[in-house]
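Read the structure below first, then the notes.
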Amino acid sequence: MQQKFIINGQKPLAGSIKVKGAKNAALKVFPLALMTDEPIRVVNVPDIEDCHRAQEMLAALGHSVKILGDGQMEIQRQNKTCLNLPADLVNKFRSSVMFVGPLLVTCGEVHFPHPGGCVIGATRPIDMFLDGFAKMGARVERLENSYRLTAPKLQGAFIFFPKVTVTGTESLMTTACLAQGETVLENCAMEPEIPALAGFLNKMGAKITGAGTPTIKIAGVKKLGGGEYQIIPDRIEAGTFAILAAAVNSGEVVIANCEPKHLGALWALFDRVGVNYKLGKNSIKIFPSAKIIAEGAVTHEYPGFATDLQSAYTVLMTQAHGLSLIHETIYDRRLLFCDTLTQMGANIIMADPHRSVVNGPTKLYGRKLVIPDLRAGIALVIAALIAKGKTEIDNIYQIERGYEKLAERLKNIGADIEKI
Ligand code: EPZ
């Protein structure tokens with residue numbers, strides 16, 4: 001049975017909401033269990049659908065996953081199975097591609113279909129992963145509906161990413177840890193999840209330098225040990241809640257357990273649009289703002305303005321005075337949700353798949369909505385919280401892929417939201 005959210009909008013919000021561990025950090029650490037005989041303990045794991053799928057993948061590949069409660073789990077290799085990544089799981093989340101390198105470098109072969117995930121780009125290619133593995137000596141076969149990679153032993157290599165890729169950087173950095181010799185990765189992504197992953201790999205015995213800069217060097221080692229990994233707070237969740245509180249613009253909302261320093265680009269926008277906020281060391285306070293002024297935003301790789309916050313920011317701009325140009329540079333399907341916002345009463349002109357112009361402020365009205373993907377989904381939840389009347393949101397699996405117990409947590413700060 002599909003579940004839905006029923007939201008009655010225009011309720012004042014106030015109180016404190018805690019940020020969970022970062023989805024996009026958690027999903028990259030689980031596959032490391034394939035590269036060691038020792039247990040890996042992961043702390044601050046968010047209880048979300050994408051993490052459940054990754055845990056199912058580990059179990060399918062012969063690992064025990066012990067849920068210890070309170071966001072902690074322990075993973076250990078039991079009877080590791082090699083060669084095939086299960087298609088039904090690979091189809092459900094794009095980070096399944098993180099399992100490819102660890103299997104290839106430890107088993108010499110891996111066979112998998114094209115990974116699934118949010119439909120936010122025409123194809124969401126994996127060419128840079130495949131080219132990287134080929135540079136490291138793998139034979140790459142593109143079959144009709146799948147890929148087969150073989151490599152008796154991967155060799156260190158010089159790899160330049162033609163385009164900045166987050167998971168591509170993480171995948172090749174991880175795999176190179178067990179390759180022979182040195183790997184140099186150039187034009188790497190610099191998202192905070194990358195130095196976090198490198199820090200843990202180094203704890204396991206890897207030799208990585210430069211993570212968090214455009215050049216990462218990895219000296220291959222013979223084996224890796226286990227250890228404990230503390231997942232960093234989810235900067236996208238923190239930024240989303242900050243935008244949500246600013247857009248509803250009613251009471252004082254504290255966003256706790258977060259790293260405000262990971263969101264510099266958002267604070268620069270808040271300064272320009274007039275959001276009243278205060279940053280603490282690990283918290284953000286959003287106060288009611290007198291007037292929100294329109295300001296365009298251009299998405300960019302970290303430390304620029306995150307594409308994962310664009311949809312929420314677009315909703316904020318429907319409440320701002322004036323015109324704002326939203327320029328989505330990373331994906332070509334992430335602005336399509338603007339059509340749904342328009343149905344709710346927003347005044348948005350789509351210039352092309354990468355640019356839309358929001359004319360605000362406009363009143364929004366509750367509607368029946370089906371959400372297309374995770375970040376558009378949370379943006380429409382924000383729109384529903386602002387809107388007059390009742391909104392029904394279908395297909396909330398997409399939201400639950402990335403936000404733990406969302407209805408419960410928003411209710412605690414005053415939202416009228418039910419999951420049925
Ligand atoms: C990560 O996706 C995040 N996902 C995304 O979060 C995020 O939107 C994205 O980075 C950009 O910040 C995870 O970390 C699990 P990319 P990723 O490779 O790594 C193109 C969310 O909602 N590309 O940096 O898959 C690609 O199509 C999400 O949490 C190639 O052309 O993104 C895109 O245009 C969804 N070839 C650009 O590069 C490749 O081989 C950047 O993508 C790989 C990517």
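Listed by position, the strands (runs of 3 or more DSSP E) contained in segment 263-361 that have at least 1 residues being of a type in the set (Ser, Thr, Tyr) and open to solvent by less than 10 Å² (accessible area, probe 1.4 Å) are 322-327, 355-360.
Could you tell me whether Lys135 is open to solvent by 40 Å² or more (accessible area, probe 1.4 Å) and under 27 Å from Tyr331 (Cα atoms)?
yes
Listed by position, the strands (runs of 3 or more DSSP E) contained in segment 112-208 that have at least 2 residues being within 16 Å of the ligand (Cβ to nearest atom) and of a type outside the set (D, E, K, R) are 146-150, 158-160. Out of Ser171, Ser146, one residue alone is farther than 30 Å from Ala268 by Cβ, out of contact with any His (no Cβ under 7 Å at 6 or more places or on another chain) and of a type in the set (S, T, N, Q). It is Ser171.
Residue-level check: of (1) crowded, with 16+ Cβ neighbours inside 10 Å; (2) modelled with pLDDT of 95 or more; (3) not basic (Lys, Arg), Phe160 misses just (1).
Suppose the filter is open to solvent by 10 Å² or more (accessible area, probe 1.4 Å) and without any contact (Cβ under 8 Å) to a residue 60 or more places away in the chain; does Asp70 pass it? Step through it out loud before you land on a result.
Numbers: open to solvent by 10 Å² or more (accessible area, probe 1.4 Å): yes; without any contact (Cβ under 8 Å) to a residue 60 or more places away in the chain: yes.
Yes; evaluated as a whole, the condition is true for this residue.
Per-residue answers, yes or no, for (1) within 16 Å of the ligand (Cβ to nearest atom); (2) farther than 18 Å from Ile378 by Cα; (3) not acidic (Asp, Glu):
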| position | (1), (2), (3) |
| --- | --- |
| Ile232 | yes, yes, yes |
| Arg235 | yes, no, yes |
| Ala242 | no, no, yes |
| Ala245 | no, no, yes |
| Gly251 | no, yes, yes |
| Val254 | no, yes, yes |
| Leu266 | yes, no, yes |
| Arg272 | no, yes, yes |
| Leu279 | no, yes, yes |
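Of all residues in segment 89-105, those that are more than 13 Å from the ligand (Cβ to nearest atom) have Cβ atoms under 6 Å from Cβ atoms of residues that are of a type in the set (Phe, Trp, Tyr), 6 or more apart or on another chain, in Val90/Phe112. Flag set for Lys207, criterion: of a type outside the set (Ser, Thr, Tyr), within 18 Å of Ile194 (Cβ to Cβ) and surrounded by fewer than 24 Cβ atoms within 10 Å (Cβ to Cβ). The residues of segment 365-395 that are within 16 Å of the ligand (Cβ to nearest atom) and out of contact with any Lys or Arg (no Cβ under 6 Å at 6 or more places or on another chain), listed by number, are Ile371, Pro372, Asp373, Arg375, Ala376, Gly377, Ile378, Ala379, Leu380, Val381, Ile382, Asn395. For segment 215-236, a residue qualifies if it is within 17 Å of His262 (Cα to Cα) and either among the acidic types (Asp, Glu) or not in a strand (DSSP E or B) (or both), and the qualifying residues are Ile231, Ile232, Asp234, Arg235, Ile236. Per the listing Leu32, Leu13, the residue uniquely within 16 Å of the ligand (Cβ to nearest atom), open to solvent by less than 10 Å² (accessible area, probe 1.4 Å), of a type outside the set (Phe, Trp, Tyr) and at pLDDT 95 or above is Leu32.
Evaluated against (1) under 19 Å from the mean Cα position of the chain (by Cα); (2) more than 14 Å from the ligand (Cβ to nearest atom); (3) not in a strand (DSSP E or B), Cys51 falls short on exactly one condition, (2). Please state which of the following conditions Leu130 fails to meet, knowing it meets all the rest: (1) under 22 Å from the mean Cα position of the chain (by Cα); (2) open to solvent by less than 10 Å² (accessible area, probe 1.4 Å); (3) touching a residue at least 24 places away in the same chain (Cβ under 8 Å). With (1) under 22 Å from the mean Cα position of the chain (by Cα); (2) open to solvent by less than 10 Å² (accessible area, probe 1.4 Å); (3) touching a residue at least 24 places away in the same chain (Cβ under 8 Å) applied to Leu130, the lone miss is (3).
The values are calculated or read from the model by the stated rules, or taken from the named source; none is laboratory data. In this text the structure is predicted, and so the values were computed from the model without any measurement. Using ideal geometry, Cβ is built from the backbone for each residue, glycine included, and neighbour counts are taken over all protein chains shown. The protein model used for the area step is the full one, side chains on, heavy atoms only, and it has no ligands, DNA or RNA in it. Shrake-Rupley method; radii C 1.70, N 1.55, O 1.52, S 1.80 Å.
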